[in-house]
Protein chains: 2
Amino acid sequence: MTDYRIEVRVTPREGLLDPQGRAVETALTSLGFDGVESVRIGKLVRMRVEAASEPEAMSRAREMCDRLIANPVIEDYSIRILDENNGDAGGGDA
Amino acid sequence: MTDYRIEVRVTPREGLLDPQGRAVETALTSLGFDGVESVRIGKLVRMRVEAASEPEAMSRAREMCDRLIANPVIEDYSIRILDENNGDAGGGDA
């Protein structure tokens, strides 16, 4: 079994209202930041998942998203496996 | 002025407790997902920012992070400009 570093991006579905994003947009405007729009806020979940192979890790992560991490009615998600050789693969400009 | 699509990743700082991540980890274990650990939950903010150039867009986004979007005491953030030619640049393996 290998430990896979997994990153899940959960985003509000296109077309659906995102009240949190709307609130941030209003707050930014109040702070004097003009020309900011379409603010959408999602979740970024990172975890280590034990699995026998990459496909198994992906499939376990998908199941976790469907059952707990994302709400498929209002959110989309995408999963990727982070490079084990790079301690902070997801944090940069990758 | 150009509209830049910007993505901000806000993550709990290394070494700091992440209660939300801990709660998800516990919930996943209760659901029968073994071998899941180091769950950390951050925010993924996407927005359109009007600016004269990419460096200006980046600098405006940094200011927004420092003043509103991230809490620098407990969170790190990274900013990137999404490819305008790709409607969903941030959703894939990029």
Could you list, in sequence order, all residues of the range B:10-28 that are modelled with pLDDT of 95 or more and among the aliphatic types (A, V, I, L, M)?
B:VAL10, B:ALA23, B:VAL24, B:ALA27, B:LEU28
Taking B:THR11 as meeting all but one of (1) assigned to a helix (DSSP H, G or I); (2) facing chain A (nearest Cβ under 10 Å); (3) polar (S, T, N, Q), write down the number of the exception.
(1)
Subset of the range B:38-51 [of a type outside the set (Lys, Arg) and within 20 Å of the chain's Cα centre (by Cα)]
B:SER38, B:VAL39, B:ILE41, B:GLY42, B:LEU44, B:VAL45, B:MET47, B:VAL49, B:GLU50
Does A:VAL73 count as facing another protein chain (nearest Cβ under 10 Å) and of a type in the set (A, V, I, L, M)?
no
In the range A:49-74, what residues are outside any loop (DSSP other than H, G, I, E, B) and surrounded by fewer than 18 Cβ atoms within 10 Å (Cβ to Cβ)?
A:GLU50, A:GLU54, A:PRO55, A:GLU56, A:MET58, A:SER59, A:ARG62, A:GLU63, A:ASP66, A:ARG67, A:LEU68
So is B:GLU56 under 16 Å from A:GLY35 (Cβ atoms) and at pLDDT below 95 or not?
no
Would it be correct to say that B:ALA61 is modelled with pLDDT of 95 or more, under 21 Å from A:ILE41 (Cβ atoms) and in contact with a Phe, Trp or Tyr (Cβ under 7 Å, 6 or more places away or on another chain)?
no
All conditions in (1) under 23 Å from A:ARG67 (Cα atoms); (2) surrounded by 19 or more Cβ atoms within 10 Å (Cβ to Cβ); (3) more than 22 Å from the chain's Cα centre (by Cα) are true of A:LEU28 except (1)
A:GLY42 is checked against (1) touching a strand residue (DSSP E or B) at 6+ places or on another chain (Cβ under 8 Å); (2) facing chain B (nearest Cβ under 10 Å); (3) part of a helix (DSSP H, G or I) and fails just one. What number does that condition carry?
(3)
Search the range B:67-82 for residues that are within 10 Å of B:THR11 (Cα to Cα) and pair each with any residue that is aromatic (Phe, Trp, Tyr) and at pLDDT 95 or above when their beta-carbon atoms are under 6 Å apart and the residues are at least 6 apart or on different chains.
B:ALA70/B:TYR77
Which residue, of A:GLU63, A:GLU54, A:GLU14, is more than 30 Å from B:ARG67 (Cα to Cα) and under 16 Å from the mean Cα position of the chain (by Cα)?
A:GLU63
Can you tell me which residue within the range A:25-39, out of those that are within 7 Å of chain B (Cβ to nearest Cβ) and part of a helix (DSSP H, G or I), is farthest from B:ARG60 (Cα to Cα)?
A:ALA27
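The values are calculated or read from the model by the stated rules, or taken from the named source; none is laboratory data. Remember, it's a predicted structure, so these values are computed and weren't measured experimentally. Glycine also receives a Cβ, built like all others from the backbone with ideal geometry; neighbour counts cover every protein chain displayed.
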